[in-house]
1. List the residues whose amide H sits under 5 Å from the amide H of residue B:61, counting only those 5 or more places along or on another chain, with H placed 1.01 Å from N in the peptide plane.
2. List the residues, sorted by chain then number, that are 5 or more residues from residue A:168 or on another chain and whose placed amide H is less than 5 Å from its amide H.
3. For residue A:146 and residue A:312, what is the calculated FRET efficiency with R₀ set at 45 Å and r taken between the beta-carbons, to the nearest 0.05?
4. Take the Cα atoms of region B:65-106, build their convex hull, and give its volume per residue in Å³.
5. With viscosity set to 1.567 mPa s at 4 °C, what whole-number translational diffusion coefficient in µm²/s follows for the protein assembly as shown from Stokes-Einstein and a Kirkwood radius over Cα pairs?
6. Work through the residues other than residue A:124 whose Cβ is under 14 Å from its Cβ and net out their charges, Lys, Arg +1 and Asp, Glu -1.
7. D for region A:26-284, whole µm²/s, Stokes-Einstein with Kirkwood Rh over alpha-carbon pairs at 10 °C and 1.306 mPa s: what number?
8. Counting each DSSP H run of 4 or more residues in chain A as -39500 (n - 2.57), what helix-only mean residue ellipticity at 222 nm follows after dividing by all residues, to the nearest 500 deg cm²/dmol?
Amino acid sequence: MHREDFPMLENDIVYFDNGATTLKSKRVVDSMDKYYLEHTSNIHRGDYDSAVITNELYDGTRDVVSHFINCDSREVIFTSGTTMSINMVVFGFMKYYLTDKDEVLLTKSEHASNILPWIVLAEEIGFKIKYIDLDDNYELTLDNVKKSITDKTKVISIAHVTNVIGDVRDIKSIGEICKKKNIILNVDGAQSVPHMKVDFKDMNIDFLSFSGHKMGGPTGVGVLVGRYELLEKMKPLCYGGGMNNYFEDDNSYELKEIPTRFEAGTPAIAEVIGLRSAILYLEDIGIDNIHKHEMELKKYLVDKLEKIDNITIYNKNSNSGIIAFNVDGVFAQDTSVFLNHYKIAVRAGNHCAKELKDVIGIKNTVRVSMYLYNNKEDIDRLVEALKNNKEIFNVVL
Amino acid sequence: MDNNLRREIILDNYQNPDNRGLIEDDSYLKVNTNSESCIDNLDFMMKIEDGVVKDIRFDGEACAISTSASSIMTRSLIGKKVEEVREILVNYQNMINEKDYDSEVLGELNVYDEICKQPNRKNCALLPSVAVDKMLGELGNEK
Ligand SMILES: Cc1ncc(COP(=O)(O)O)c(C=O)c1O
């Protein structure tokens with residue numbers, strides 16, 4: 001779909017590394033160029049024309065986000081990306097919320113950014129991190145979620161879609177359970193928000209994080225959405241300009257209201273404007289259409305890969321455009337270097353989910369992750385290349 | 001060197017590497033290499049006695065280039081004096097990084113003389129030399 005909007009695709013490449021980052025449409029880059037070339041100015045104060053334009057675009061982006069994922073505009077905080085967003089939740093909120101009696105539930109297929117902050121905070125506070133069991137397909141079942149909850153469970157922090165297996169968690173049902181039991185649900189939306197409908201309110205999410213660059217937007221910008229009552233209790237990690245009402249030499253000070261108080265200093269203005277264009281672009285296409293398109297492509301790819309003898313697929317059934325596989329007996333990186341010879345970009349690795357290896361028993365996989373601009377020709381080219389996999393070492397050595 | 005021969009040597013060392021498998025022994029220096037730019041993850045251990053490398057072993061998950069290079073590198077270094085090892089490492093790293101080097105001292109390691117044509121594989125080829133370098137560094141600290 002819409003390949004003509006993505007200048008990088010003019011280079012005869014197949015780009016299947018969308019889980020890592022996505023290609024940028026001309027519309028996104030143009031909107032950032034326009035800021036840099038036509039109305040550069042800082043935000044917050046706008047007495048002159050270009051500043052007015054910039055302010056409107058920057059603050060207006062909160063409305064765009066709020067429409068896109070169904071939350072209030074004042075619940076939208078701009079961050080540098082998912083990693084920063086999750087760290088703000090952990091060190092700005094959880095640090096003051098959790099005690100050494102509490103338990104936090106994670107899974108082993110979480111990205112590093114949704115495990116390591118917890119490990120570090122647990123070291124400080126002494127709460128317990130528990131991992132909810134995954135099933136035989138390395139997926140998270142509602143039953144296992146329920147089984148893991150105890151009286152001490154205060155937080156469930158999980159990805160909506162994991163970046164290795166691409167399984168889609170039933171956030172709405174988990175959200176209902178959490179609401180009933182007074183558990184905070186922290187959702188890593190890095191791999192879901194760009195690809196499928198995420199409804200912050202309807203799913204009963206308490207905190208939601210995502211990154212601009214994984215949804216056709218620029219690097220350096222992301223979003224943290226938090227339920228307003230919780231944001232009232234969250235502390236900023238950064239203090240400075242743009243986020244205070246006053247401060248005096250008697251050490252008194254007052255912070256600005258939410259969400260501005262969480263955005264100290266000059267933010268990534270161009271990037272927020274780019275994110276705005278990226279979201280509007282996705283809305284024009286329709287997020288449900290994107291998901292449907294990816295699922296069609298996934299089925300097409302899995303059907304073809306299954307016909308190649310020596311390929312093992314780890315997540316045939318997951319409901320997202322992510323496929324993890326290996327060519328038997330070949331290290332994942334050798335396969336990805338091999339595919340690069342055909343100008344096919346895939347990713348080899350553990351995809352920052354280092355604990356998942358305990359579960360799958362293999363550390364590294366080749367990952368194909370799709371987006372709206374991929375098509376069946378891309379897949380045919382991948383499959384043709386993989387059919388030649390006996391040649392891998394002749395090509396890569 | 002003929003390309004087919006080069007490939008055969010590398011592949012053979014990948015599929016049947018020498019000195020693979022770690023042992024429990026505290027008299028060895030140990031290091032893990034887990035490079036930023038690639039997903040290779042190998043552990044190395046090396047025993048030095050009287051200024052001579054008595055043994056080097058490695059294990060872990062890694063690609064064809066770094067596994068084979070570890071096999072050839074360990075084989076090339078065992079039995080060498082520490083000064084000789086240092087000389088080999090310097091020349092090897094120079095070769096990979098397209099600087100002047102002395103191919104005479106490198107022996108079998110010369111099979112990687114064309115890796116520089118694939119910049120994304122340089123770190124794979126360098127991995128065992130970085131590991132041995134680190135362990136030699138530790139040796140220096142102990143003195
Ligand atoms: C599931 C998941 N969470 C978090 C992240 C981190 O995102 P970022 O690097 O944009 O902060 C990623 C990106 O790889 C991801 O896939």
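1. Counting only residues 5 or more places away or on other chains, the set is B:41.
2. Amide H to amide H, under 5 Å and 5 or more residues apart or across chains, residue A:168 pairs with A:319.
3. Working: r = 31 Å, r/R0 = 0.70.
With a Förster radius of 45 Å, E is 0.90.
4. On the way: hull volume 2.8 nm³, N = 42.
That works out to 66 Å³ per residue.
5. Details: Rh = 25.8 Å.
Approximately 50 µm²/s, per Stokes-Einstein.
6. Details: positive: A:95, A:128; negative: A:100, A:102, A:123.
Every neighbour counted, the sum reads -1.
7. Numbers: Rh = 19.0 Å.
For these conditions, the coefficient is 83 µm²/s.
8. Values: 13 runs with 139 residues, N = 397.
Per the formula, -10500 deg cm²/dmol.
The values are calculated or read from the model by the stated rules, or taken from the named source; none is laboratory data. What you see is a predicted model, and the numbers here were worked out from it, not measured in a lab. Cβ atoms come from the backbone with ideal geometry, glycine included; neighbour counts cover every protein chain shown. Note: areas computed on protein heavy atoms with side chains; ligands, DNA, RNA excluded. Shrake-Rupley method; radii C 1.70, N 1.55, O 1.52, S 1.80 Å.
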